[in-house]
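In what follows, a structure is listed as structure tokens, so that the remarks can point back to it.
The values are calculated or read from the model by the stated rules, or taken from the named source; none is laboratory data. From a predicted model like this one, the values you see are computed outputs, not experimental measurements. Note that we place each Cβ from the backbone using ideal geometry, even for glycine, and neighbour counts take in every protein chain shown. Calculation scope for accessible area: heavy atoms of the full protein, side chains included, ligands and nucleic acids excluded. Shrake-Rupley method; radii C 1.70, N 1.55, O 1.52, S 1.80 Å.
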Amino acid sequence: MNLFDEIKKKLSQEFIDIVEWIDTTNDTIVHRFERYQNEIKNNAKLVVREGQKAVFVNEGQLADVFKPGTHTLNTKNLPILTTLKGWKYGFDSPFKAEVYFVNTRLFTDEKWGTKNPVMLSDERFGLTEIRAFGTYSFRISDAGKFVVDVVGTDGNFTNYEVNEHLKSLIVTRFTDTVGEANLPLELYAANTSELSETCQEVMKPEFERVGIELEKFYIENVSMPEELKKEIFDYSRLDKLDLSKLTQFKAAKAMEAAAKNEGGTAGAGMGMGMGFVLAQQMGTLMGQPAQQPFTSQQPQGTALPPPIPVQVMYYYAANGQQLGPVSFDKLKELFANRTINRDSLVWKQGLMGWTALKEIEELKAFLGGSTPPPLPKM
């Protein structure tokens with residue numbers, strides 16, 4: 001062996017490459033292996049560690065993908081690149097190719113949330129707004145597809161960059177899912193586990209299209225405006241109450257307040273009149289005959305004021321629930337905004353049972369048709 005052969009052998013052994021990437025960060029998803037002019041020596045060693053995959057790209061075209069292990073880079077281990085390069089009988093000179101190391105570990109506890117309120121339509125409350133936030137975890141399942149469709153030519157693709165894309169996708173699909181679910185508002189906050197599973201199933205195909213596997217998706221909280229939350233709580237409590245007992249209790253409290261009235265003779269008369277009316281109401285509610293107001297001889301010419309009229313309260317049925325009591329004006333407002341209609345069931349004190357709104361005399365004014373007929377011809 002002459003001197004030139006010795007030098008050639010020494011140089012060939014000295015310059016065999018080792019292509020590898022040691023991740024020193026916690027947020028890098030894709031790292032491009034940097035080499036002068038992207039040249040890699042023949043028979044170079046490729047080291048792919050656990051939790052990684054190596055993707056070869058030739059002139060912008062996806063070539064070979066390597067799993068964890070140590071690989072020798074030659075025509076046997078680079079079948080796709082060999083075809084793209086047109087190597088038929090092997091090669092000895094360096095070749096050019098871009099190598100991307102893809103981090104395939106599980107990225108956990110990633111945050112998501114709705115930047116703007118999500119608009120929903122509820123049958124009882126009309127248009128409302130909710131907000132939601134939670135966490136999710138993902139991993140890269142198809143390294144080649146992810147590099148081509150998402151990373152492109154980015155030499156150092158981080159977790160922050162992919163999360164910006166994923167968060168927008170999550171909020172869009174979450175909005176679609178809750179809109180199609182058409183649940184009562186209070187059930188969104190009470191069924192976050194079921195809603196999380198449904199959203200995950202909807203989002204999985206979207207993630208897989210770019211080579212990502214959505215491992216877990218959690219909705220931690222669904223919030224709504226405080227005034228709407230208070231209204232929902234009030235409806236919930238009302239649904240659990242015995243309305244007849246509540247009415248009796250309020251009537252007793254009103255009688256007690258009237259009895260404490262010390263506003264002079266006129267005040268005493270007014271309080272006594274109010275007491276008689278309330279006592280009559282309570283007697284009717286409790287199934288007892290109403291007591292006749294006590295009358296005493298009054299000097300002639302002295303007139304007592306009549307009892308204060310009691311406002312009639314109405315109960316109504318909507319969405320299979322008993323709601324109320326509400327005043328005549330409030331009932332008229334509910335009819336105007338179509339919460340109830342002419343066939344809705346209504347009940348007030350004195351009715352034998354629930355009756356359609358159109359059958360109650362004083363409520364027929366809601367239906368229109370109150371224009372007087374034309375005057376008779378003289």
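Structure notes:
- Subset of segment 90-146 [of a type in the set (V, I, T) and in a strand (DSSP E or B)]: V99, V102, T108, V118, T128, I130, T135, I140
- From the list T135, T177, T172, T192, the one residue that fits, being in contact with a Phe, Trp or Tyr (Cβ under 7 Å, 6 or more places away or on another chain), under 30 Å from L228 (Cα atoms) and either surrounded by 16 or more Cβ atoms within 10 Å (Cβ to Cβ) or not basic (K, R) (or both), is T135.
- Residue that is free of Cβ contacts under 8 Å to residues at least 40 places away in the same chain, open to solvent by less than 70 Å² (accessible area, probe 1.4 Å) and among the acidic types (D, E), where the choices are E164, E206, E197: E206
- Each residue in segment 150-163 was checked for being over 20 Å from V202 (Cβ atoms) and part of a helix (DSSP H, G or I), and 5 pass.
- The residues in segment 329-358 that are open to solvent by less than 70 Å² (accessible area, probe 1.4 Å) and assigned to a helix (DSSP H, G or I) can be counted, and the count is 5.
- Criterion applied to E201, E197, E186 was being among the acidic types (D, E), farther than 15 Å from Y136 by Cα and assigned to a helix (DSSP H, G or I), and the one residue passing it is E186.
- S168 being more than 28 Å from E50 (Cβ to Cβ) and outside any strand (DSSP E or B): yes
- Residues of segment 42-68 classified as in contact (Cβ under 8 Å) with a residue 60 or more places away in the chain, farther than 16 Å from T104 by Cβ and open to solvent by less than 30 Å² (accessible area, probe 1.4 Å), total: 1
- In segment 69-89, of all residues being open to solvent by 40 Å² or more (accessible area, probe 1.4 Å) and in a loop (DSSP other than H, G, I, E, B), the one that is nearest to Q52 (Cα to Cα) corresponds to N77.
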